[in-house]
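Reviewing the structure listed below.
The values are calculated or read from the model by the stated rules, or taken from the named source; none is laboratory data. Remember, predicted model here, so these are calculated numbers, not experimental data. Ideal geometry is used to build each Cβ from the backbone, glycine not excepted, and the neighbour counts take in all protein chains shown. The protein model used for the area step is the full one, side chains on, heavy atoms only, and it has no ligands, DNA or RNA in it. Shrake-Rupley method; radii C 1.70, N 1.55, O 1.52, S 1.80 Å.
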Amino acid sequence: MKITVGTPEYIREPNALMKIGSNVKKYGEKVVLIGGIKSREIVESHVRDSFNNEGMTLAASIWYGGESSRENVERLIEELSTIDYDVILVCGGGKAIDTVKAVAAHVNKPLVALPTIAATCAATTPIWITYSEQGEFLAISRDAKVPEMVVVDSTVILHSPVRYLIAGIGDTLAKWFETKTSVKKATPNARNQTAIAIANQLYKTMLAIGEQSVASMKNKELSTELEDMIDAILLISGSLSGYGGDDCRTAGAHAIYSGLTIFPEIHETYHGEIVAFGILAMLAMENEEESEIKELIAYYQKVNLPYTLQQMNVPELSESQWQELGDVSVTIEDMENMPFAVTPDMVITAVKQADEYGKDMLRK
């Protein structure tokens, strides 16, 4: 049995970026920085200064390509083959980190992750989500390396757009709803039952601190609630997946997210925002009480998560588009983790029902 729970080292503190060199140095002195355009603008000068203080070298700074795709992974592997380096430092959000986790697995080099937003648990999981160059979901890929270290500069997170944190809340809320659903297919054991307990406590914590953590981001105040939410999104969520393994995977909410990515209009909506709507549709598919779903929507209203298709820029869909959504969603690996067989018609009905609940709440 082999499992990966979180990362060997997780460091979260204000201004951690200023001493990134002392943390990375244990893995090597010649470093390649890979990340997004904006994230490298934010961190690169600080990384250089910190490396200089430690007698280290920034061997190269490379854009990851803008999409978590096989094409970008292959391009980066080829580019790295021409560079003399010891360790990879990846900065940015989930897609950048996922891409470089796949690269690091292939080149077999130490990897340190420096998330600049708290929007997903990508930094602490050993999988990567593969997309087409156009942003459509393709697969959950396991040829990825979990970082040796994750360094979180809470000051950098604090000054990132609040919408990323909100998306992270949506993605992390799914841990409870999908874990308690997917585990129904598994034989109970110490690991998956521990994962359920963690997921439940994580959900309770997020309900308690969500509104205040968002307010802290808007006010640029590094509160305890915000620090806890950063840890919930980046660390605890990933560790939960490690304990639960394949027994406690993503399920209907993420499958519906993946299905919705076939509509180009939704690509300006963030992963966790779409997943949050996917939770509502999954609950409708499971025939949960309307009152429970609307109670969750009331929380979405407090933290500003979307709960209708229109809020995610999804246009009025034709019958053929609805059918395509249903057909695609049931082919997604996540949907196999539902404890019952799901048909395209069930997906269509659930998405429409969730949207109606959302519209009803919007009118109140």
* Under the Karplus curve 6.51 cos²θ - 1.76 cosθ + 1.60, θ = phi - 60°, whole-Hz ³J(HN,Hα) for segment 64-76, x wherever Gly or Pro sits -> 6, x, x, 8, 7, 10, 4, 4, 6, 4, 5, 5, 5
* **Largest-first ordering by accessible area, 1.4 Å probe, given options VAL32, VAL5** => VAL5, VAL32
* To do: First measure r as the distance between the Cβ atoms of LYS359 and SER320, then evaluate 1/(1 + (r/R0)^6) with R0 = 25 Å and state the FRET efficiency to the nearest 0.05.
  => 0.65
* Asked: Could you work out Rg/(2.2 N^0.38 Å) for segment 78-130, with Rg from alpha carbons only?
  -> 1.10
* Taking LYS19 as the anchor, which lysines have their alpha carbon closer than 17 Å to its alpha carbon, excluding any fewer than eight residues away along the same chain? -> LYS30
* **Helix-only mean residue ellipticity at 222 nm for the chain, each DSSP H run of n ≥ 4 adding -39500 (n - 2.57), per residue, nearest 500** => -16500 deg cm²/dmol
* To do: Give the accessible surface of segment 251-331 per residue, rounded to a whole number of Å², with probe radius 1.4 Å and ligands, DNA and RNA excluded.
  => 39 Å²
* ARG48: accessible area at probe 1.4 Å, nearest 10 Å²? -> 110 Å²
* Structure fact -> So, with points 7 Å from each Cα along the Cβ direction, the ALA139-ILE83 label distance in nm works out to 2.6 nm
* Structure fact -> Taking the dipole of the chain about the Cα centre (Lys, Arg +1; Asp, Glu -1; charges at Cβ), the one of CYS248, VAL151, PHE277 that reaches farthest to the positive side is VAL151
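Counting only protein heavy atoms, what percent of the accessible surface of the chain is carbon or sulfur at a 1.4 Å probe?
C and S fraction of accessible area: 48 percent.
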* Structure fact -> Output ordering of 231-240, 183-192 (per-residue mean of other Cβ within 10 Å, highest first) is 231-240, 183-192
* **Value in Å of the Kirkwood radius, where segment 48-160 supplies the Cα pairs that are averaged** => 14.4 Å
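So, with +1 on the Cβ of K and R and -1 on the Cβ of D and E, and no other charges, what is the size of the charge dipole of the chain about its Cα centre, to the nearest 20 debye? Write down the numbers at each step before the final one.
Working: 32 positive and 50 negative charges, 194 e Å.
Around 940 debye, computed over the chain.
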* Given (1) 67, 51, 38; (2) 77, 43, 36; (3) 60, 43, 41 as candidate values of Cα extents along the principal axes in Å, which corresponds to the one derived from the coordinates? -> (3)
* Structure fact -> Candidate cut points under trypsin sites (Lys or Arg not before Pro) in segment 1-47, DSSP loop plus at most 16 other Cβ atoms within 10 Å of their own Cβ, are LYS2
* To do: Throw me the Rg/Rh for segment 168-273, computed over C-alpha atoms with Kirkwood Rh, two decimals.
  => 1.02
* Decide, for segment 5-60, between rounded, prolate and oblate: order the square roots of the alpha carbon gyration tensor eigenvalues as a ≥ b ≥ c, take rounded if a/c falls under 1.5, and otherwise choose prolate if a/b is larger than b/c, else oblate. => rounded
* List every residue whose amide H lies under 5 Å from the amide H of ILE117, counting only residues 5 or more places away in sequence or on a different chain, with H placed 1.01 Å from N in the peptide plane. => GLY92
* **Angle between the chain longest axis and helix 290-303 axis [Cα atoms, degrees, rounded to 10]** => 40 degrees
* Averaged per residue, what accessible area in Å² does segment 1-58 show with a 1.4 Å probe, protein chains only? -> 53 Å²
* Structure fact -> Highest GNM mean-square fluctuation among ASN72, ASN23, ASN52, for the chain with Cα springs under 10 Å, belongs to ASN52
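Could you work out the Rg to Rh ratio of segment 246-340, with Rh taken as the Kirkwood radius (inverse of the mean 1/r over all Cα pairs)?
Numbers: Rg = 13.1 Å, Rh = 13.7 Å.
Result for segment 246-340 is an Rg/Rh of 0.95.
Roughly how many Å² is the accessible area per residue of segment 97-191, as a whole number, for a 1.4 Å probe? Please list the in-between numbers first.
On the way: 2930 Å² over 95 residues.
Value for segment 97-191: 31 Å² per residue.
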* Most fluctuating residue given options GLU319, GLU178, GLU292, as computed from a GNM of the chain linking Cα atoms under 10 Å -> GLU319
